[in-house]
Amino acid sequence: MTFDYDGYAGAYLRVDLSTGQIQKHSLPSEWVENYLGGNGIGIKILWDEVPETANPLGPDNKLIVATGPLCGSPMPNSGRMEFIGKSPLTGIYGDANAGGQFGPELKFSGYDVIIFEGQASEPVYLYINNDQVELRSARDIWGLGTYAAETRLQTIHCDPALKTALIGPAGENLVRFAGIQVTYRRSAARCGLGAVMGSKKLKGVAVRGTKGIHFKKPKVLESFSLQMHKNIRRNEFFPGIQKYGTSGLVALMQPIGRFPTQNFRQGHFEEYEAISGETLREAHLVRDIACFNCPLGCDKMYSVEEGEFAGCQTSSVEYETLNSLGARICNRNLEALLKANEMCDDLGLDSISAGNAISFAMELAELGIWKESELNGLDLSWGNYHTAIQLLHDMSYRQGFLGDLLADGAARAARWLGRNSERYAMHVKGQDIPAQDGRAQQSMGLAHVTSSRGADHLKAFPTIDETGYPSEAVRRYGEQYLPDLVNPLATRYKAMLVKDGEDFGAIVDSSGNCKSGGTFVMAEIYWQEQADAIAAATSMDIDAQKLRQIGERIYNLQRCYNALHGITSSDDVLPWRFTKVPSPSGNARGSVCHLEIMLPEYYAIRGWNPDDGLPTLKTMQRLGLEAEYQRMEHAIACGATKAARMFLGWAAPYTEKVEEIT
Amino acid sequence: MRLNIYPERCTGCSACEVFCSLHHEGLVNQELSRIHVYRDIENANFLPIACVNCQTKACLAACPEEGAIYINHLGMVVIEEQLCTGCSKCKQACEIQAIGFYRQTGRGKMGKAFCFKCDLCDGEAVCVNVCPVGALVLEEDTNGDAGQRLFETLRPARLEIVEHMEARGMAKTRRVA
Amino acid sequence: MTTVKVRFFNLLAVHAGNKSRIFEFTEETTVAQMLAQMANEFPPAFRDMVYQQDKISPHLRIFLNERLLYEKEFDTVLEDGDSLMLFPAIAGG
């Protein structure tokens, strides 16, 4: 069997870690025709091969490493790739996306996808050098941080151009929010897929590929992609993003009131200037660096020259981390924040979930919920960055009572702990809420609950109404939705914005380009441009309309996969702080998130049942997913979904009003 | 006309390599790019290297094949890949390794081995067009020695990166040599 | 006398050469008039970020006392003690 389409490497690897067997197969055409690549192929494999009974950290879970047709292509920011698996953090569908250089290198070596299954008895890593694919002992690198392990592998294989995807100690110790670190220092952090690798005793993948990628119409793709590069460089958003990356958002979020502070108690941080993107660049920038084929280069390298944290060198200090390990825990020490970022990358931790676990612990300390004996002498006062740094270490090695407990994430820790602690675990479906307060931007509140991987800004990535950019809104959706569509506090049309973002985002994540590139904020690349690029790359019979359907199919199948685990509309909720307590901050002052208005509208647009929030038969038939619908219905009818739900492991978000401490 | 390189502006994004290989070979393959970005990320160091039109032109003298390497109307040294036998003497002669070598099977182009280098895309250098930070610029060489001066700065800069790689235990590889 | 504090962010601060400025007005001044005064005082790069084809750029974000100002509110008259924050085009998460 051969594979028909250019633009793909055309083959995938199936690696059984239990037996050590490695199989190479042609990529099935129906995978790419129905699911495109990356994210889409990931959910297809997960749906087919990982049942609801599979333990995320057991041998039945699989880790899928997947690229898409535009990964490694000349289209701007084409370095993105996906990891997909059942999440140990949420117990449901999980994925994590990373830039850097790894994804393209995997395609250059001749493979679009790797499926890891089973569990190795001894630590191993997968070495790929074009046609040579081997499992090798990782005994010498097990226990190392990701920086040292990457360098070690490059040394072992005598190749500074070797690209790696690795876990650190956090993944090895099954921290439920352990990430996977890819060359160079980019994180596929969310959903704890690093712990899936850890459970499989898989330290990582090291790949070198020199085969390149062929495209159907190379000249067309070259000129089209060059035009896209130029459009992005001319875009109004380009200079600011190029200079500050996402860290530039720290200041903007203050007057919007969207910057979670003190475990989401406030939406602004009084001392934000100490940790703003402007301060970061002035005081610590070493160099602007970029992911594969990206004109923006929002990644930057920073260093700390003096003081307690001198010698720290770290990159990709994102808005999210400046919040989660900064304002969320009331830490105003930027050097400590850089150190914490360096540690998260080296230990292999999701900095969002790590920060959320720490802020959860700090709030419990303020409320006197911890027992003295549990704290092991740690001072959990707000803003104590020494404690935060100690906890990053303790969680990664599961040391001490607190380290071990918090390593399961705030939502699980709350369930285990009781004592009303679940009120202070800020999560949706077990996933820690990122630095995007839904009270200040209604669409973002909706996006958190409809995201298929639990609380998340990047599934729908609604940016048009963050502060409201009418010109981008008109380019995408026309005049008719103004001004409500761009008003962050309005609820009208937000269901449409979120649904469209999720479908388009599924396509971007399945193609291999970047959501922070021209696809969302800049509104340069949308359905038509994406379809044109894929058509030139692959000669697939594809247009914007077909692409929309694939995006919808992917997103619906992710929802159905979650439904197999007992997820319904009753899980589409935000914690009380977002719906019951009016925001005390900035432009959002007095506002709560109105899910009760947006969610029914969202279900209706999606063609989902208003009662249980699951896709209807009609919707599934339209997407060619009738068999999948039958399986879901059967699982619900026979009680399998209820049984699966018992194993999710987290305490549901607390939704009743609680009096805030003043 | 010559390529001017500002290494301090480079972000290591590889867009130049991607477009170069696509433009010349019809596929994306950094191994086949006529410009190569050396990456020493530990020291936050990127160094794009391509032919900068030096005055020495050791490559010309080193080639044993009649007509396989010559100076074109832009003043650039170009390799006639149909006549190149892939002996790689030109590559060895270039002190900044601005000439690449690719071996498939056998010898010569398409199922063979050959050397390749920058030809400025006949004056429309695609790498310059795509570089987002102005690290690559096309300039007229008015005095005739600008290329040579750049060459003199690139040579030690490149050696520094290579030596650093070797010190870290990463032995020589095809393009980092 | 009306005294207002204006803070500049991102590239606006770079182009203004300053992170903040105190402006004093003796006459009634609107937000739009104040922008025009700044554009005259600061280097052209600043003006280019504030105006687009002689109109206030749709990408300029203005917060007056931490409230987002919409285009129709640009004729709001400044009051003593007002605080403004100005951002160029940035968004994301």
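Structure notes:
- Only one entry of A:H448, A:H393 meets the criterion of being crowded, with 24+ Cβ neighbours inside 10 Å and farther than 21 Å from A:I661 by Cβ, and that entry is A:H448.
- Condition check for A:G518: more than 28 Å from A:E30 (Cα to Cα), outside any helix (DSSP H, G or I), among the small types (G, A, S) and not assigned by TED's automatic domain parsing to the domain that holds A:G91: no
- Unmet criterion (only one of (1) open to solvent by less than 10 Å² (accessible area, probe 1.4 Å); (2) away from chain B (no Cβ under 14 Å); (3) touching a residue at least 24 places away in the same chain (Cβ under 8 Å); (4) outside any loop (DSSP other than H, G, I, E, B)) for A:A274: (1)
- The strands (runs of 3 or more DSSP E) found entirely in segment A:1-114 that carry 1 or more residues being closer than 30 Å to A:K219 by Cβ, open to solvent by less than 10 Å² (accessible area, probe 1.4 Å) and among the acidic types (D, E) are A:81-86.
- For C:R61, the stated conditions hold: it is facing another protein chain (nearest Cβ under 9 Å), surrounded by 15 or more Cβ atoms within 10 Å (Cβ to Cβ), under 12 Å from the mean Cα position of the chain (by Cα) and charged (D, E, K, R).
- Residue check for A:K618: open to solvent by 70 Å² or more (accessible area, probe 1.4 Å), in contact (Cβ under 8 Å) with a residue 24 or more places away in the chain and basic (K, R): no
- Segment A:128-146 - residue that is over 21 Å from A:D346 (Cα atoms) and touching a residue at least 60 places away in the same chain (Cβ under 8 Å) and, of those, surrounded by the fewest Cβ atoms within 10 Å (Cβ to Cβ): A:E134
- At least 1 residues being more than 30 Å from A:G7 (Cα to Cα) and over 17 Å from the mean Cα position of the chain (by Cα) is the threshold, and among the strands (runs of 3 or more DSSP E) wholly inside segment B:1-114 those reaching it are B:45-49.
- Candidate set from segment A:193-250 (those that are part of a loop (DSSP other than H, G, I, E, B) and among the aromatic types (F, W, Y)); member that is farthest from the other protein chains (Cβ to nearest Cβ): A:F215
- Screening A:G348 against (1) of a type in the set (G, A, S); (2) away from every other protein chain (no Cβ under 13 Å); (3) free of Cβ contacts under 8 Å to residues at least 60 places away in the same chain leaves a single unmet condition, (3).
- Some residue of segment A:263-270 being part of a helix (DSSP H, G or I) and open to solvent by less than 20 Å² (accessible area, probe 1.4 Å): no
Each row is one residue, and each column tells you yes or no for (1) open to solvent by 50 Å² or more (accessible area, probe 1.4 Å); (2) within 12 Å of another protein chain (Cβ to nearest Cβ).
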position: C:N10; (1), (2): no, yes
position: C:V14; (1), (2): yes, yes
position: C:F23; (1), (2): no, no
position: C:T29; (1), (2): no, no
position: C:L35; (1), (2): no, no
position: C:A45; (1), (2): no, yes
position: C:K55; (1), (2): yes, yes
position: C:R67; (1), (2): yes, yes
position: C:L84; (1), (2): no, yes
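- Within segment A:557-585, the residues that satisfy the criterion of being under 28 Å from A:R622 (Cα atoms) and surrounded by fewer than 18 Cβ atoms within 10 Å (Cβ to Cβ) are A:T568, A:S569, A:S570.
- The lone criterion from (1) of a type outside the set (A, V, I, L, M, F, W, C); (2) within 11 Å of chain B (Cβ to nearest Cβ); (3) crowded, with 22+ Cβ neighbours inside 10 Å left unmet by A:D159 is number (3).
- Those helices (runs of 4 or more DSSP H) lying entirely in segment A:409-483 with at least 1 residues more than 11 Å from chain C (Cβ to nearest Cβ) and among the aromatic types (F, W, Y): A:410-417, A:470-477
- Matching residues, segment B:136-154, being over 18 Å from B:I35 (Cα atoms) and in contact (Cβ under 8 Å) with a residue 24 or more places away in the chain: B:E140, B:D141, B:G144, B:D145, B:A146
- Within segment A:402-437, the set of residues being of a type in the set (K, R), out of contact with any Pro (no Cβ under 9 Å at 6 or more places or on another chain) and buried (at least 22 other Cβ atoms within 10 Å of the Cβ) comprises A:R412 only.
The values are calculated or read from the model by the stated rules, or taken from the named source; none is laboratory data. As the structure is a prediction and not an experimental result, all values here were calculated from the model. Counting neighbours? That spans all protein chains shown, and the Cβs are built from the backbone with ideal geometry, glycine included. Each accessible area value is taken on the protein alone, full model and side chains, heavy atoms only, with ligands, DNA and RNA left out. Shrake-Rupley method; radii C 1.70, N 1.55, O 1.52, S 1.80 Å.
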